[in-house]
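J.: Let me give you the structure first, and then I'll get to my questions.
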Amino acid sequence: MAVEVTLRKWGNSLGGVFPKSFVEEHKLKPEDTILVDVVKKTDLSAIFGSLKFKKSAQQMKDEERKGWE
């Protein structure tokens, strides 16, 4: 299950704050050891729309539909 965790400064380290519902669902308690798979969220707005096609989306759709008739 994926959960969004916000990191906060904790002394010289970083600590993650898990939502209460996630903690209760997984029966987590202080001093438990867990395995964390890190996937950093990225802002994709810079690349969204950056792909340029030789044909419009409508032209590509029309070509694909020709074989459906």
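J.: Placing +1 on the Cβ of each Lys and Arg and -1 on the Cβ of each Asp and Glu in the chain, which of 42, 6, 57 has its Cα farthest towards the positive end of the resulting dipole?
T.: Positive-most Cα among the choices belongs to 57.
J.: Let me ask something else. Which length gain, in nm to one decimal place, applies between residue 50 and residue 68 when the Cα-Cα distance is subtracted from 0.36 nm times their residue separation?
T.: That works out to 3.4 nm of additional length.
J.: Let me check against my output: what whole-number percent is the relative contact order of the chain, with C-alpha pairs under 8 Å and at least 6 apart?
T.: Details: 20 pairs, mean separation 10.3, N = 69.
It comes to 15 percent, rounded to a whole number.
J.: Show me the three semi-axes of the equivalent ellipsoid for the chain, from the C-alpha gyration tensor (sqrt of 5 times each eigenvalue), largest first, rounded to whole Å.
T.: With the √(5λ) rule applied to the chain, the semi-axes are 46, 18, 8 Å.
A short reminder: the numbers here are calculations on the coordinates, not readings from a lab. On a predicted model such as this, the values are computed, not experimentally measured, just so you know. No Cβ is skipped: glycine too gets one built from the backbone with ideal geometry, and neighbour counts run over all protein chains shown.
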